[in-house]
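Engineer: Below is a structure I'd like to ask you about.
Here, each number is a calculation from the coordinates, and none is a lab measurement. Worth saying up front: this structure is predicted, and the values here are computed from it rather than measured. Heads up, the Cβs are rebuilt from the backbone with ideal geometry, glycines too, and the neighbour counts pull from every protein chain shown.
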Amino acid sequence: MKKRRMKLLALMLTAAVTFTSVLPVGATATNGSEAPQQVTELTDPLDEGGGVTDNGQGNTDVSGDVQNGIDQTGDEQPGDLPAEPNHDAETAQDDHWTLEQAENKMIFRYYESVDGFAGYQKKWELDKQSGIWTYFEVQEDGTEAAATPKPYDEFDVNGTHVGLYETVGYLDEDLGAVTLVYAFASTEEGLKGYGGYWYQNENGCFTYYTTEADAEGDPDAKMAEGLQVPGSFLEGLNTIKDEDGEYTFWLDAEGRPLTNAWKIVVGEDENKTFCYFGEDGKMLTEGMPTGLQTIEGSNYWIGEDGKPETAVWKKLDGKYYYFDVNGVQTQDKTGLQKIDGSNYWVNKDGSYAKSKWIISGGKYYYFGANGKQTSKTGLQTINGKKYYVNKNGTVRKNTSVIVKGVRYFFGKDGKCTKSYKVYPEGWKQNATGWWYQKEDGSWPANCWYKVNGQKYYFDANGYMRTGWLALGNKWYYLTDSGAMAQGWVMINKTWYYLTPGSGVMKTGWYKVGNTWYYSNGSGAMQTGWLLLGNTWYYLTGSGAMAQGWTLVNGTWYYLNGSGAMQTGWLNLKGTWYYLNGSGAMQTGWLMTGGTWYYLNGNGAMAQGWLCLGGTWYYLTPGNGGMKTGWYMAGKEWYYSYGNGAMARNAWIDTYYYVGSSGAMLKDTTIGGYYVDKNGRWIPGYGTVNVNTIGNWEKTGSTYYFKKSNGTYAKNEYVAWNGNWYYLDGNGAMLTGWHYIRGYKMYFTASGALQQDVSGMVGGPYRLRVNRTKCQITVLAKDGSNGWTIPVKSITCSVGNPITLTPAGTFYIGDQDRWHILMGPSWGQWTSHVVNGIFIHSVAGSSQSQYNLAAGDYNMLGQPASHGCIRVCVRDAKWIYDNTGRGTMVTIGDGYYEPFDKPATIKLPYGVNLKDPTDIW
């Protein structure tokens with residue numbers, strides 16, 4: 001309370017010294033200085049400094065702030081009254097108070113709008129030494145005179161008569177328009193503030209009047225004496241002394257004490273104190289109401305000590321209420337609750353179950369007449385239905401229980417669905433046969449019934465059946481004891497299989513354990529060969545279906561996983577076998593599908609090299625087909641005749657020779673014939689030709705070649721060690737550049753013809769395609785001599801006789817990395833020539849490097865295409881890289897070729913192969 005009062009005093013004192021300057025807004029002081037601006041907002045209420053207002057009359061030599069730099073003139077000493085100010089300029093500003101602050105005086109003037117009157121009309125003056133307040137009014141002649149103000153209310157307090165006076169006013173940003181009210185006592189010196197006490201008016205409202213001590217330390221503390229504190233500053237808890245002692249009240253904004261009510265006071269430590277104010281408004285320390293109390297909108301249970309009880313159940317008017325850890329009543333505590341050591345079922349309204357079953361969470365709880373949970377187990381009637389309750393509160397479901405000679409059946413929800421009286425159960429017999437009496441006194445009839453784990457069938461009259469039994473389309477077998485047969489049963493020397501569990505006789509295919517069996521339509525188990533549809537099966541003597549290799553009467557057969565006998569080719573773990581139409585495994589030579597195969601004594605298909613009677617055969621790895629013609633085995637080429645026998649020590653196709661091992665010979669001489677590194681011999685000249693017969697002779701630095709007939713070679717080529725050499729008209733071997741037969745040729749320093757000068761001669765180039773020889777010659781221009789420089793030679797395939805490559809002069813158009821061709825198929829590094837004609841790599845089945853068939857690739861060097869010009873990938877890319885759009889392409893027949901036709905590489909048999917020159 002005192003802190004709020006001190007804050008009020010700080011606000012009032014600060015406001016009192018910051019009302020406004022003497023001069024109106026925007027006016028000019030008599031000494032020429034600018035008037036300060038009117039103050040309309042409070043300064044910091046805790047600022048202890050006092051303000052001083054310069055009224056424009058001279059030097060006032062006061063402490064505190066000087067308003068807005070107004071000049072101070074004159075020579076008055078501290079404590080002197082200032083000279084009468086000139087207020088003419090203030091007429092522009094009406095209906096307000098102004099403050100003139102001097103060291104020992106505070107002067108408040110009021111300006112009011114009055115017709116024909118200029119300046120202020122009244123003022124209050126406080127002597128800060130004596131605390132005497134003097135009231136003045138301005139006369140019609142403009143002079144001021146002391147006057148006696150009238151109080152608006154009077155009362156006696158502590159033996160002193162005081163009057164209440166409205167003095168100055170100001171505008172507070174929080175409180176709005178505020179008029180300072182003082183309690184003045186009349187003294188000989190004048191009116192003097194009288195405070196330091198509480199006053200309760202006839203309406204019971206309290207008001208506090210401050211004293212100078214309340215503003216101790218403030219230079220304007222005299223202004224606090226007798227100041228009335230507004231009720232809004234007193235709202236809340238206040239301690240008030242009277243002649244009987246000191247009491248605590250809760251005051252509202254008008255100072256009226258709260259009566260017969262609770263209030264929660266929150267301390268600085270956030271702890272809550274519950275206070276009760278009685279009939280007279282005084283806070284009680286004892287005798288306050290207890291039990292259920294509504295405090296500030298929440299319910300609490302107040303104990304005898306005046307504090308709320310926490311985390312506790314309380315019973316009131318037959319209901320239970322729970323108060324949480326903060327003492328606040330909550331309705332969240334419902335359902336099964338432990339109260340005073342017993343379990344209750346509490347509803348939301350605080351009531352609790354009595355003499356009632358409650359079902360919750362799949363459990364059944366019973367609460368007695370006093371509401372306490374009690375143990376009720378066994379057969380119980382709940383909501384008109386019978387249940388069997390276990391000790392843990394659950395109920396029996398999908399079962400039955402005998403209680404006092406009666407069996408009760410309980411469904412999936414625990415409710416009793418039926419009941420009957422229990423009779424002795426067991427077998428009964430009469431002259432007709434056997435029957436079975438059940439627990440309820442009835443007997444099974446026209447149905448299956450299980451006794452001691454065995455199934456029995458009873459006819460329409462309830463008698464037990466034996467022997468074969470047909471029900472619908474199903475057969476059963478009942479033993480002499482009447483028990484249903486299951487599993488394997490021999491009847492009259494024939495095996496039958498009765499399905500375990502159901503007893504149904506099996507027919508057709510069925511599985512027992514991991515073994516398959518077959519029974520015919522009568523259920524008899526089968527053995528031996530069995531034909532079903534177009535498939536043969538073999539059933540062993542035990543009836544088990546054979547699988548895998550099976551020897552029957554000296555012949556091997558193979559039955560697959562489903563038991564079906566296999567015919568034709570069979571692959572088992574990477575090994576191939578062949579079974580004829582009757583399923584018998586084959587050995588020796590086998591012709592099927594136009595191909596010969598060889599099957600070893602164990603039936604396994606031979607692969608790779610096979611020697612029979614001194615003759616070698618090659619059987620394709622993977623498929624076993626006997627090879628004929630050319631084929632590659634490992635890294636060598638071989639040739640087998642039409643009967644599959646491998647050729648040895650023989651010329652094949654005129655151009656190739658196979659040695660004693662059968663491998664094609666390469667880079668060697670056979671009987672004077674030289675085969676190059678690709679194994680090919682070509683008659684005539686070139687790197688694939690044999691050496692010319694004769695010897696080299698040297699005279700000085702010049703070489704000559706003397707032929708076997710004794711003449712020297714002149715104006716002709718000589719073949720030697722795989723290279724061509726040219727001897728001029730004098731017989732001298734040439735080196736460097738020379739025109740030979742119309743072409744400019746280059747011979748190395750050793751005299752060998754260089755048949756690829758692309759590294760020496762740049763483009764542009766022209767291409768000449770020789771359809772006769774399947775050869776492309778790249779030509780470069782030798783200045784004015786024309787296109788006479790052979791750059792390199794490329795082996796190709798042109799169109800076959802039916803789809804000829806067109807002859808003529810054309811120009812290269814678009815070029816692509818991949819291009820789709822006929823088939824469809826794909827070619828690499830393509831160059832368009834004309835219409836559907838391209839220069840491209842050997843076409844493959846997909847846009848992939850591994851897309852070639854050996855049969856297509858090995859045709860390079862002979863007519864094979866549908867009109868396009870095929871080359872290997874290496875040469876297709878060279879053309880793609882070194883020629884471009886507009887390059888001339890001449891296609892014709894019978895051209896003289898200055899370079900040899902390069903040999904090609906052969907691919908082994910297969911598909912999805914890669915061009916060996918493809919390194920991109």
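Engineer: Let me know the shape class of segment 673-804, please: from the alpha-carbon gyration tensor, a ≥ b ≥ c as square roots of the eigenvalues, rounded when a/c is under 1.5, otherwise prolate if a/b is greater than b/c, or oblate.
Structural biologist: Taking the square roots of the gyration eigenvalues as a ≥ b ≥ c, segment 673-804 is oblate.
Engineer: Would you mind checking the radius of gyration and Dmax of segment 188-289 based on alpha-carbon positions, in Å?
Structural biologist: Here Rg and the maximum Cα pair distance are 16.0, 54 Å.
Engineer: From the Cα gyration tensor of segment 134-196, with a ≥ b ≥ c the square roots of its eigenvalues, which class applies: rounded if a/c is under 1.5, or else prolate if a/b is larger than b/c, or else oblate?
Structural biologist: Oblate, because a/c is 1.5 or more while a/b does not exceed b/c.
Engineer: Expected output is a single nm value to one decimal: the length gained when fully extending between Ile905 and Ser582, i.e. 0.36 nm times separation in residues minus the C-alpha distance. What is it?
Structural biologist: Result for the pair: 111.7 nm of gain on full extension.
Engineer: Next up: How big is the C-alpha Rg of segment 343-401 next to the rule-of-thumb value 2.2 N^0.38 Å, as a ratio?
Structural biologist: 1.15
Engineer: Under a 5 Å amide H to amide H cut-off, with H placed in plane at 1.01 Å, what residues pair with Tyr420 once short-range neighbours are removed?
Structural biologist: Here Arg407 satisfy the definition.
Engineer: Now for a different question. May I ask you to work out the translational diffusion coefficient for segment 561-617 at 10 °C, viscosity 1.306 mPa s, via Stokes-Einstein with Rh from the Kirkwood sum over Cα pairs, reported in whole µm²/s?
Structural biologist: The calculation lands on 130 µm²/s.
Engineer: Enumerate the whole-percent occupancy of each 5 Å bin, from 0 to the last occupied one, for all C-alpha pair distances of segment 464-620.
Structural biologist: Per 5 Å bin, starting at 0, the Cα pair percentages come out as 2, 8, 15, 15, 11, 11, 8, 7, 7, 5, 4, 3, 2, 1, 1, 0, 0.
Engineer: Something else now. Could you tell me what percent of the DSSP beta bridges with both partners in the chain are antiparallel, to the nearest 5?
Structural biologist: Around 95 percent antiparallel, to the nearest 5.
Engineer: I need the phi-derived Karplus couplings for segment 309-320: 6.51 cos²θ - 1.76 cosθ + 1.60, θ = phi - 60°, integer Hz, Gly and Pro marked x.
Structural biologist: 7, 10, 6, 9, 8, 9, 9, 8, 6, x, 10, 9
Engineer: Could I ask something else about it? Full-extension gain between Lys315 and Ala431, please, as 0.36 nm times their residue separation minus the C-alpha to C-alpha distance.
Structural biologist: Length gained between Lys315 and Ala431: 34.1 nm.
Engineer: Here is a further query. Under a plain spin-label model, where a point goes 7 Å from the Cα along Cα-to-Cβ, how far apart in nm are Asn514 and Thr148?
Structural biologist: 13.3 nm
Engineer: To the nearest 0.05, what FRET efficiency results for Lys354 and Asp280 with a Förster distance of 45 Å applied to their C-beta separation?
Structural biologist: 0.50
Engineer: Further, regarding this structure: Taking one equal scatterer on every alpha-carbon of segment 104-260, how large is log10 of I(q)/I(0) by Debye at q = 0.18, 0.20, 0.21 1/Å?
Structural biologist: One equal scatterer on each Cα of segment 104-260 leads to -1.19, -1.37, -1.45.
Engineer: If you don't mind, another one. Could I have the simple spin-label model distance between Lys714 and Asp816, label points 7 Å from Cα toward Cβ, reported in nm to one decimal?
Structural biologist: About 5.8 nm separates the two model spin labels.
Engineer: Right, here's the next one. Using only the alpha carbons of segment 322-375, what is the convex hull's orientation-averaged projected area in square nanometres?
Structural biologist: The directionally averaged projection comes out at 4.1 nm².
Engineer: For the pair Gln849 and Asp782, what calculated FRET efficiency results from E = 1/(1 + (r/R0)^6), where r is the Cβ-Cβ distance and R0 = 60 Å, to the nearest 0.05?
Structural biologist: Efficiency, from the Cβ-Cβ distance: 0.95.
Engineer: Further question: Please express the shape of segment 303-443 as an equivalent ellipsoid: the semi-axes are the square roots of 5 times the eigenvalues of the C-alpha gyration tensor, given largest first in whole angstrom.
Structural biologist: The answer is 51, 11, 10 Å, longest axis first.
Engineer: Right, next: So if I restrict to the alpha-carbon atoms in segment 763-881, what is the Rg, and what is Dmax, the biggest pairwise distance, in Å?
Structural biologist: 14.1, 46
Engineer: Rounded to whole Å and sorted largest first, what semi-axes of the equivalent ellipsoid does the C-alpha gyration tensor of the chain yield via the square root of 5 times each eigenvalue?
Structural biologist: Working through the eigenvalues yields semi-axes of 122, 75, 19 Å.
Engineer: Also: Over 26 Å, how big is the tail of the calculated P(r) for segment 242-366, in percent of all Cα pairs?
Structural biologist: More than 26 Å apart: 38 percent of the Cα pairs in segment 242-366.
Engineer: Compute the angle between helix 2-16 and the longest alpha-carbon principal axis of the chain, please, reported from 0 to 90 degrees and rounded to the nearest 10.
Structural biologist: 80 degrees
Engineer: Provide Rg over Rh for segment 530-592; use the alpha carbon set for both Rg and the Kirkwood Rh (inverse mean inverse pair distance).
Structural biologist: 0.97
Engineer: Something else about it: Between Ala261 and Ala650, what length comes free when the chain is fully extended (0.36 nm per residue of separation minus the Cα-Cα distance, one decimal in nm)?
Structural biologist: 126.9 nm
Engineer: Of the listed pairs Lys677/Lys744; Lys386/Lys450; Lys333/Lys372; Lys241/Lys282, which have alpha-carbon separations greater than 20 Å here?
Structural biologist: Lys677/Lys744; Lys386/Lys450
Engineer: Please tell me which of these pairs span more than 19 angstrom C-alpha to C-alpha: Lys105/Lys192; Lys391/Lys415; Lys356/Lys391; Lys781/Lys877?
Structural biologist: In this structure, Lys781/Lys877 lie more than 19 Å apart at Cα.
Engineer: Note down the Stokes-Einstein diffusion coefficient of segment 446-530 in µm²/s, whole number, using a Kirkwood radius over alpha carbon pairs, 25 °C, and 0.890 mPa s.
Structural biologist: 181 µm²/s
Engineer: Looking at the calculated P(r) for segment 850-913, what percent of the C-alpha pair distances fall above 16 Å?
Structural biologist: Counting pairs separated by more than 16 Å, the tail of P(r) holds 62 percent.
Engineer: Take the Cβ-Cβ distance between Asn553 and Asn623 as r, set R0 to 35 Å, and report the resulting FRET efficiency rounded to the nearest 0.05.
Structural biologist: FRET efficiency, Asn553 to Asn623: 0.65.
Engineer: On a 0 to 90° scale, report how tilted helix 873-882 is relative to the longest principal axis of the chain, with both axes built from alpha carbons and the result rounded to the nearest 10.
Structural biologist: Between helix and principal axis, roughly 60 degrees.
Engineer: Follow-up question, since we're still on this one. In whole percent, what relative contact order does the chain give with Cα contacts below 8 Å and a gap of six or more residues?
Structural biologist: Relative contact order here is 3 percent.
Engineer: Something else about it: Distances longer than 16 Å among the Cα atoms of segment 582-666: what percent of all pairs is that?
Structural biologist: Considering segment 582-666, 52 percent of its Cα-Cα pairs are separated by more than 16 Å.
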